[in-house]
Amino acid sequence: FVTAVANNVKKVYPGYQVGVLSYGDVSVPPDDLVLPDNVVVLSADPDDWVGKTTHLSIYEYLYGLGFWHPNFPLAAIKKNAKTHRKLGVSGLYAEVHPLWAFDGPKVYIRSKLLWDLDFDVEAGIDRWCRAGFGNAWPPMAAFYRHWGSLLDGDKHRAVVLPMCDFERFRHS
């Protein structure tokens with residue numbers, strides 16, 4: 001269906017693209033699928049889509065609000081930025097829903113890494129804390145590093161690490 005739509009769009013509107021959300025029942029593509037070059041796939045788990053689409057984008061859950069403790073996946077943020085570049089990812093959509101007291105530096109660091117893979121994350125945490133907390137920045141930097149280090153052990157075999165563990169989400 002997507003191929004048929006994309007091919008018709010290409011005929012009538014050359015240069016336009018068709019966006020597809022890889023989610024739920026259509027999150028894992030058939031083994032033999034190769035989509036036309038005007039299809040953009042937006043996927044929360046891009047591992048299975050590499051080589052099946054010319055344009056791969058990431059749908060990221062970087063939630064903050066609603067957790068019992070800060071969701072500050074520092075290792076995943078650093079690793080995924082480099083992995084996305086290697087995979088040729090061309091777009092990012094992130095659901096953040098921040099609790100700014102916990103998530104401000106996470107959003108800052110994630111945004112900086114989108115533009116500069118060599119961004120010094122440790123210096124970024126310090127800069128954020130100096131700007132936001134003045135002379136109280138050292139304990140706040142330690143606070144963010146502490147919560148980040150607790151999630152550093154969340155290693156998965158996936159190419160892209162999850163940014164959010166929904167088991168840690170507060171259930172209403």
Residue 34 versus residue 116: modelled label distance in nm, points set 7 Å from Cα along the beta carbon direction: 3.9 nm
Charge context of residue 118, other residues only, Cβ under 13 angstrom, K/R +1, D/E -1: +1
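Give me the one-decimal Kirkwood hydrodynamic radius in Å for region 1-43, with the sum taken over alpha-carbon pairs.
Values: mean 1/r = 0.0917 Å⁻¹.
Value: 10.9 Å, from the Cα pair sum.
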Cut-off 11 Å between beta-carbons: net charge of the residues surrounding residue 38, Lys and Arg +1, Asp and Glu -1: +1
Charge sum, other residues only, whose C-beta stays under 12 Å from residue 51's C-beta, Lys/Arg counted +1 and Asp/Glu -1: -3
Accessible area expressed per residue, the chain, with surrounding protein chains retained (probe 1.4 Å, Å²): 59 Å²
Alpha-carbon spread of region 10-128, three principal axes, descending order, Å: 51, 30, 27
Partner aspartates and glutamates for residue 112 [C-alpha distance under 19 Å; skip if fewer than 8 residues away on the same chain]: 60, 95, 103, 120, 122, 126
Portion, in percent, of the accessible area of region 17-172 that falls on carbon or sulfur, probe 1.4 Å: 57 percent
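The values are calculated or read from the model by the stated rules, or taken from the named source; none is laboratory data. Since the model is a prediction, treat every value here as computed from it, not as a measurement. Neighbour counts are summed over all protein chains in view; Cβ atoms, including those assigned to glycine, are modelled from backbone coordinates with ideal geometry. These accessible areas exclude ligands, DNA and RNA; they are computed on the full protein's heavy atoms, side chains included. Shrake-Rupley method; radii C 1.70, N 1.55, O 1.52, S 1.80 Å.
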